[in-house]
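The values are calculated or read from the model by the stated rules, or taken from the named source; none is laboratory data. Source: prediction; values computed, not measured. As a convention, Cβ positions derive from the backbone with ideal geometry for all residues, glycine included, and neighbour counts pool all protein chains shown. Surface areas here come from the heavy atoms of the whole protein model, side chains and all, with no ligands, DNA or RNA. Shrake-Rupley method; radii C 1.70, N 1.55, O 1.52, S 1.80 Å.
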Number of protein chains: 2
Amino acid sequence: MTGLIRSWVESANAPDCPFPLNNLPCGVFSTADTDPRCGVAIGDFVLDVAGLEEKGLLSLTGGPLLDVPFWNDLMEAGPEIWAALRARLTALLAEGSGDREAVTPFLVPLADVTLHMPFLVSEYTDFYAGRHHAFNVGTMFRGPENALPPNWLHIPIGYNGRASSVVVSGTDVRRPWGQLKGPDDAAPRFAPSARFDIELEMGAVVGQPSEGPVTVTEADAMIFGYVLLNDWSARDIQAWEYQPLGPFQSKATATTISPWIVTRAALEPFRTPSPAREKPLLPYLAEPGPMLYDIALEVGLTPEGGTETVISRTNYAEMYYSAAQQLAHHTTSGCAMNVGDLLGSGTISGPEKGNRGSLLELSWGGKEPFEIAGGSRSFIQDNDTLVLRGQCRGEGYTIGFGDCVGKVIPALADPYAR
Amino acid sequence: MTGLIRSWVESANAPDCPFPLNNLPCGVFSTADTDPRCGVAIGDFVLDVAGLEEKGLLSLTGGPLLDVPFWNDLMEAGPEIWAALRARLTALLAEGSGDREAVTPFLVPLADVTLHMPFLVSEYTDFYAGRHHAFNVGTMFRGPENALPPNWLHIPIGYNGRASSVVVSGTDVRRPWGQLKGPDDAAPRFAPSARFDIELEMGAVVGQPSEGPVTVTEADAMIFGYVLLNDWSARDIQAWEYQPLGPFQSKATATTISPWIVTRAALEPFRTPSPAREKPLLPYLAEPGPMLYDIALEVGLTPEGGTETVISRTNYAEMYYSAAQQLAHHTTSGCAMNVGDLLGSGTISGPEKGNRGSLLELSWGGKEPFEIAGGSRSFIQDNDTLVLRGQCRGEGYTIGFGDCVGKVIPALADPYAR
């Protein structure tokens with residue numbers, strides 16, 4: 001594992017800074033004076049890479065790639081360009097660089113910017129690839145003996161989500177209405193969800209297209225980077241709607257992602273193998289090397305006017321299937337993948353109670369409310385703010401994603417009032 | 001019901017012509033000399049509406065809407081523009097029009113064109129809203145007493161499909177590989193699907209966006225038009241993968257649509273009510289009037305070098321839920337809908353054996369192979385060509401969608417060979 005790459009941007013060299021020169025995550029920012037544009041976080045600043053490109057300080061290819069308020073064009077340009085950008089930015093920002101004077105005008109304090117969606121989501125797929133989560137949920141719904149569906153240890157189970165639901169961190173999330181029916185209700189009713197929840201996930205951002213089936217190695221190379229992802233879930237809507245075709249409106253209200261895409265290159269030192277296989281996988285899912293990442297994750301819950309309680313701590317390394325395996329499986333049917341496709345990992349729970357990545361698990365279906373500062377929770381209450389955080393710890397440095405935050409605001413009084 | 005609107009394009013006046021002046025369906029065509037562009041079918045011709053607009057013969061708004069190889073920009077312009085285009089084209093093409101000389105150069109023989117995807121699919125959702133189909137499939141999987149899931153008579157059940165799977169009629173469909181496991185197999189294997197199938201559906205094309213929940217009336221007004229839709233389905237992949245999160249790779253190989261979008265305006269005379277409700281629907285799903293359409297549908301199967309057998313005849317009026325109800329339900333959670341979203345109706349079967357809209361039902365899970373000219377089928381064989389057709393019968397005229405055709409070509413010998 002390499003150590004900190006020192007930058008002349010001093011704040012980037014602090015061991016706890018989430019944005020050292022080793023990171024260089026990709027986002028889209030605006031200020032009071034500028035429209036949304038591509039930027040890269042470094043220390044306490046955003047580097048205006050769109051401006052750098054315009055000034056001729058990047059010169060990656062013949063045409064501009066960063067003059068748009070999303071990273072899709074850069075992703076589409078391919079892995080050689082991704083590497084060239086990283087190398088060039090590293091050279092420009094490294095301690096001792098001769099370009100300090102030229103680059104300094106393009107540093108904008110993070111405190112002064114608004115962050116936007118870092119990329120245009122083409123399609124969104126959500127998986128169910130965490131062993132502990134699948135076991136917990138299965139136990140609640142079907143008992144411990146039938147907890148894991150028979151296919152679970154063979155297939156990275158996934159379903160297509162709704163791309164239009166994906167929003168950037170900081171966007172308020174309105175509690176949804178939906179069809180609900182409790183097990184003892186005679187008939188369903190239409191009402192606001194009373195069991196609104198989070199799912200702590202990582203999202204893999206597909207940066208290259210494919211047409212036919214791809215191997216796990218090829219899939220890994222197609223992934224541009226990773227974001228934190230909160231798959232907001234209305235459990236009461238889900239319970240009534242999900243048979244036989246899977247979750248639909250229960251997952252369509254919002255999907256919040258972190259403002260920064262941390263590139264695969266930045267995560268490289270933190271690769272870690274997936275856990276031992278309980279049953280052999282079919283050869284098309286074989287991993288040529290470690291395909292997960294050691295990313296420490298936590299969830300904080302803050303009631304309106306209250307203080308934050310960290311309600312879960314876990315790690316992306318707990319997943320049973322990697323994003324590369326999920327993506328390879330996704331292509332088996334010949335399904336075309338496109339630049340900007342987003343794959344949610346599935347909820348990342350760990351083996352202990354304090355590692356659970358959803359309130360459904362933390363409160364065991366609402367039967368065991370858990371303590372927070374000044375109260376308790378089974379599911380999310382109005383005006384609660386939920387935050388996901390992730391970090392990789394290198395030698396003398398940290399890789400961060402920026403907070404992935406959403407505040408749940410009350411349901412509309414009448415969803416059809418105009 | 002209005003009768004034929006006569007055109008000076010004589011071929012459009014034949015009672016069996018699918019493209020009379022009453023229709024004016026929207027497509028994208030190219031010729032040996034022109035790149036793909038927007039066109040409208042009339043009689044034996046495509047009217048080059050992009051050319052008409054360029055020539056100043058349409059003048060719908062300040063800016064051009066049809067200078068792109070898709071109808072999304074026109075759809076986005078809104079219902080008033082949709083109506084204005086229809087009125088203007090009707091005036092230009094009507095018998096006795098003074099514009100015949102100006103318009104004639106923009107008529108291209110249908111025989112000389114290649115048809116392309118008529119619109120850019122934003123996201124694709126597939127429903128399961130045919131009562132007969134749900135009952136048939138449920139009976140096969142769970143027995144007649146548990147055939148309909150408990151939610152089925154309350155919710156237009158749907159799942160998110162894969163927009164990248166949608167292709168235009170005429171595109172070959174390659175038999176997919178996938179994970180398969182028969183009920184008696186000890187372990188799954190990776191192999192070409194042996195139970196590849198069609199689903200006869202209609203697709204509703206969303207032409208206006210929404211942010212919050214919309215009523216059924218509002219939803220109906222958002223629909224620009226309808227296409228024929230074949231939801232190709234690998235039944236063996238589906239059976240093994242679909243629990244608990246629904247169909248995924250089994251439905252991702254291809255989804256074929258007809259080359260022409262028949263507008264809601266053209267279908268207006270054929271509105272028909274949905275069937276009697278077996279259980280009362282929640283008020284948000286109430287229909288203010290007839291929301292289905294009387295569209296006669298059929299499926300033809302032609303083996304390589306053989307002759308076509310019509311294997312199914314049914315009607316869109318057999319659906320239990322309308323597209324407007326499906327779209328309204330789709331928005332309940334606050335799910336944003338966008339121009340170019342496509343909603344598959346679900347398989348349209350009728351009450352009799354000859355009305356079944358999938359081979360799964362026609363062969364009762366493969367147990368009762370059915371006869372075709374020169375042979376029999378349980379599922380699709382390599383090099384079979386499947387065609388869906390739809391028509392509305394007015395007084396002295398017919399509304400058609402163009403054939404929705406796909407030939408199934410053999411699976412790759414090795415999907416990972418490069």
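Can you list, bin by bin at 10 Å, the percent of alpha carbon pairs in the protein assembly as shown, starting at 0? Histogramming the protein assembly as shown at 10 Å steps yields 2, 13, 22, 24, 20, 12, 5, 1, 0 percent.
Counting only protein heavy atoms and a probe of 1.4 Å, the accessible surface of the protein assembly as shown is 53% carbon and sulfur. Each of residue A:381 and residue B:395 was given a label point 7 Å from its Cα along the Cα-to-Cβ line. The distance between the two points is 6.6 nm. Normalising by residue count, region A:135-183 has a Cα convex hull of 162 Å³ per residue.
Of the peptides B:120-128, B:141-149, A:282-290, the ranking by mean beta-carbon count within 10 Å, highest at the top, reads B:120-128, A:282-290, B:141-149. Sorted from closest to farthest, the other copies place their residue B:140 label points 3.4 nm away, with each point set 7 Å from Cα along Cα→Cβ. Among the listed pairs A:251/B:251; A:181/B:251; A:279/A:353; A:181/A:367; A:181/A:251, those whose Cα-Cα separation exceeds 22 Å are A:181/B:251; A:279/A:353. Look at the stretch A:212-225: the mean tally of other chain Cβ atoms within 10 Å of its residues' Cβ atoms is 2.
Taking packing as the residue-averaged number of other Cβ atoms within 10 angstrom, the listed peptides A:232-243, A:251-262, A:402-413 run from highest to lowest as A:251-262, A:232-243, A:402-413. For the peptide A:141-153, the mean number of other protein chain Cβ atoms found within 10 angstrom of a residue's Cβ is 2. Our summary gives region B:124-409 a relative contact order of 27 percent, counting only alpha carbon pairs under 8 angstrom and 6 or more residues apart. Relative to the other identical copies, residue A:91 shows label-point distances of 6.3 nm, where the label point lies 7 Å from Cα along the Cβ direction and values run shortest first.
Quick one: grab the alpha carbon gyration tensor of region B:100-222, order the square roots of its eigenvalues as a ≥ b ≥ c, and give me rounded if a/c is under 1.5, else prolate or oblate depending on whether a/b is larger than b/c. Note, shape of region B:100-222 comes out oblate. The interface between chain B and chain A buries about 5300 Å² of solvent-accessible area in total (1.4 Å probe, ligands and nucleic acids excluded). Inter-copy label distances for residue A:170: 4.8 nm (label point placed 7 Å from Cα along Cα→Cβ; shortest first). Rg ratio for region A:177-250: its Cα radius of gyration over 2.2 N^0.38 Å, N being its residue count, equals 1.58. The calculated FRET efficiency for the pair residue B:120 and residue B:33, based on their C-beta separation and a Förster distance of 30 Å, comes to about 0.80. Nearest to the axis that brings chain B onto chain A is this chain B residue, judged by its Cβ, with the distance in whole Å: B:246, 1.
Set Lys and Arg Cβ to +1 and Asp and Glu Cβ to -1, take the dipole of region B:264-418 about its Cα centre, and tell me which of B:408, B:297, B:378 lies farthest positive. Farthest along the dipole direction, towards plus: B:297. Summing Lys and Arg as +1 and Asp and Glu as -1 over all other residues whose Cβ lies under 11 Å from the Cβ of residue A:215 gives a net charge of -2. Is region B:362-415 best put as rounded, prolate or oblate by its Cα gyration tensor, with a ≥ b ≥ c the root eigenvalues, rounded for a/c under 1.5, and otherwise prolate when a/b is larger than b/c, oblate when not? Oblate is the answer for region B:362-415, as a/c is 1.5 or above yet b/c matches or exceeds a/b. Max-minus-min Cα coordinates of region A:192-317 on each principal axis give 46, 38, 32 Å, with the largest extent listed first.
Within the shell of other residues whose beta carbon sits under 15 angstrom from the beta carbon of residue A:97, the net charge comes to 0, with Lys and Arg scored +1 and Asp and Glu -1. Across peptide A:248-255, the mean count of Cβ atoms from other chains lying within 10 Å of each residue's own Cβ comes to 6.
Volume of the convex hull of region B:10-116 (Cα atoms only), normalised per residue: 98 Å³. On the basis of the beta-carbon distance and an R0 of 56 Å, residue A:412 and residue B:304 show a calculated FRET efficiency of 0.50. Each peptide in B:67-74, B:358-365 was scored by the mean count of other Cβ atoms within 10 Å over its residues; highest first, the order is B:358-365, B:67-74. The stretch between residue A:142 and residue A:191, if pulled fully straight at 0.36 nm per residue, gains 15.0 nm over its current Cα-Cα span. With protein chains left intact and a 1.4 Å probe, residues in the protein assembly as shown average 35 Å² of accessible area per residue. For the protein assembly as shown, the dipole from Cβ point charges (+1 on Lys and Arg, -1 on Asp and Glu) about the Cα centre works out to 1680 debye, to the nearest 20. Rounded to the nearest 20, the size of the Cβ-charge dipole of chain A about its Cα centre is 880 debye, with Lys and Arg at +1 and Asp and Glu at -1. Please give the net charge around residue A:70, taking every other residue with its beta carbon less than 12 angstrom from that of residue A:70, where Lys and Arg add +1 and Asp and Glu add -1. After counting each charged neighbour, the total is -2. Taking the square roots of five times each eigenvalue of the Cα gyration tensor of region B:124-409, the equivalent ellipsoid has semi-axes of 29, 22, 18 Å, listed largest first. Pull out a ≥ b ≥ c, the square roots of the eigenvalues of the alpha-carbon gyration tensor of region B:327-418, then state rounded if a/c is under 1.5, prolate if not and a/b is larger than b/c, and oblate in the remaining case. Oblate, because a/c is 1.5 or more while a/b does not exceed b/c.
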